[in-house]
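One structure is given here, and the rest of the page talks about it.
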Amino acid sequence: MNQLSNAEAERIVRSGVASLQQGRPWEAAAELTKVTASGRANVQIWLLLAHALRQAGDSEEEEKALDALLALEPTSVRALVMKGDRRAASGDPRAATGFYKRARALAAVAEEVPDDLRIDLGRIEKWLAETEAAFRDHLEGELTRRGVAAGSRSPRFQQSLDILSGLKRPYFQEPSDYFFPELPQRQFYEREEFAWARALEAETGAIRDELRPLIEERDGFRPYLVSNPQRPPSNFHGLVDNPEWSSLYLWDRGEPVAENVARCPRTFAGLNAVPLAHIGVRAPVVMFSWLRPGARIPAHNGAMNARLICHLPLIVPAGCGFRVGNEVREWEEGRLLIFDDTIEHEAWNDSERDRVVLIFDVWRPELSEEERKGVAALFEAIDGYADTGAAG
């Protein structure tokens, strides 16, 4: 290793920068290599050397300089972009993708990105899109050749391909209050999996007939989110105390709402055969959910994953939609949607008419009777503790 004083190293770097600016990259590389060989190079000097070698056309030495730079500073966005360029030029798109994606992720959280680097990031974004599309085309062709064509795949296998190819991302249970471990990470459950579903769907017409006068009278509906002076204020995207998202309860705080049950006896009776989740004052919750034209319920997560949420669509104009995780489904009148609300979900009504669904919660089928009893007892204890004032 050649020893250089600080003054000598600074002089050589200045000379190398001047050569680079004057269009003599070979000379610049030779000068800067003296500093890197001395062991006195910092990240900036390695980057200058990599630029000089790139302009000189020495891709092999450029990549060595970038490797040395990234060993010192693994989060250098410029070096990651340049390293990705070298891998792409060498016919290694998989490695290039890794470096480019790392650069993109770091740039996304950077406080400031220089204009020239922003241009490079735009370039690699286009490259990534083209490369990922080519990769998807390759997979589709190979899977079809191996007898796994698009029409023959299960929905969850197709979803795994979409996640692999970047069209979707995975979502997981993130309950705000209570997590029961080792339960399947499923966004939607299929109505055919539940023996009680068909009988309840058959009651759709009768339930809708009970709903219509309630809608016309607007009696009993209140904003789904109501401000509470005993809790920290939250506006939840303007929906607190907002009638654009309203509800009328048949069960609330774990008990039937007598007045509303009397007005909807057929609806109440239709739920008798449903395994509603009984969890103290937390559940069941049974309500008509009224979403006004143009309203949107932003993405959020439910409180506990020991239950599933069910929607029986009653009035659904075109232009309404519902997303759970990475899957969007449309409500169809009379066809249940059953999902895990602790996975991020959102809903919207882009129509010019009202949308109303009957919402209720059921026990997750994976929980044993003993586990259900345990969850119910746990929340009775929690809420009883809060009622004593001991929780503050």
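The values are calculated or read from the model by the stated rules, or taken from the named source; none is laboratory data. Since we're looking at a predicted model, the values are computed, not measured. Methodologically, a virtual Cβ is constructed for each residue, glycine included, from the backbone with ideal geometry; neighbour enumeration extends over all protein chains shown. These area figures cover heavy atoms from the full protein model, side chains too; ligands, DNA and RNA do not enter into them. Shrake-Rupley method; radii C 1.70, N 1.55, O 1.52, S 1.80 Å.
A few points about this structure:
- Close pairs (8 angstrom Cβ cut-off, 6 or more residues apart or separate chains): farther than 15 Å from Leu314 by Cβ and outside any helix (DSSP H, G or I) in region 185-214, small (Gly, Ala, Ser) and open to solvent by less than 30 Å² (accessible area, probe 1.4 Å) anywhere: Gln187/Gly325
- Test for Glu366: is it among the charged types (D, E, K, R), at pLDDT 95 or above and part of a loop (DSSP other than H, G, I, E, B): yes
- Residues (under 21 Å from Leu248 (Cβ atoms), assigned to a loop (DSSP other than H, G, I, E, B) and open to solvent by less than 20 Å² (accessible area, probe 1.4 Å)) located in region 284-306: Pro284, Ala295, Gly302
- The C-beta contact set for region 320-344 (first residue under 11 Å from Phe188 (Cα atoms), second residue among the hydroxyl-bearing types (Ser, Thr, Tyr) and outside any loop (DSSP other than H, G, I, E, B), distance under 8 angstrom, 6+ apart or interchain) comprises Ile338/Tyr189; Phe339/Tyr189; Asp340/Tyr189.
- All conditions in (1) crowded, with 20+ Cβ neighbours inside 10 Å; (2) among the β-branched types (Val, Ile, Thr); (3) over 24 Å from the mean Cα position of the chain (by Cα) hold for Val281, with the sole exception of (1).
- Just one of the listed residues (Arg191, Arg266) is open to solvent by less than 70 Å² (accessible area, probe 1.4 Å), in contact with a helix residue (DSSP H, G or I) (Cβ under 8 Å, 6 or more places away or on another chain), of a type in the set (Lys, Arg) and more than 25 Å from Asp383 (Cβ to Cβ), namely Arg191.
- Complete set of residues in region 310-324 that are of a type in the set (A, V, I, L, M, F, W, C) and either within 19 Å of the chain's Cα centre (by Cα) or assigned to a loop (DSSP other than H, G, I, E, B) (or both): Val316, Ala318, Phe322, Val324
- Of all residues in region 338-385, those satisfying the criterion of being under 13 Å from Val316 (Cα atoms) and surrounded by 20 or more Cβ atoms within 10 Å (Cβ to Cβ) are Ala347, Asn349, Arg355, Val356, Val357, Leu358.
- Odd one out for Leu121, checked against (1) under 30 Å from Asn301 (Cα atoms); (2) in contact with a Lys or Arg (Cβ under 7 Å, 6 or more places away or on another chain): (1)
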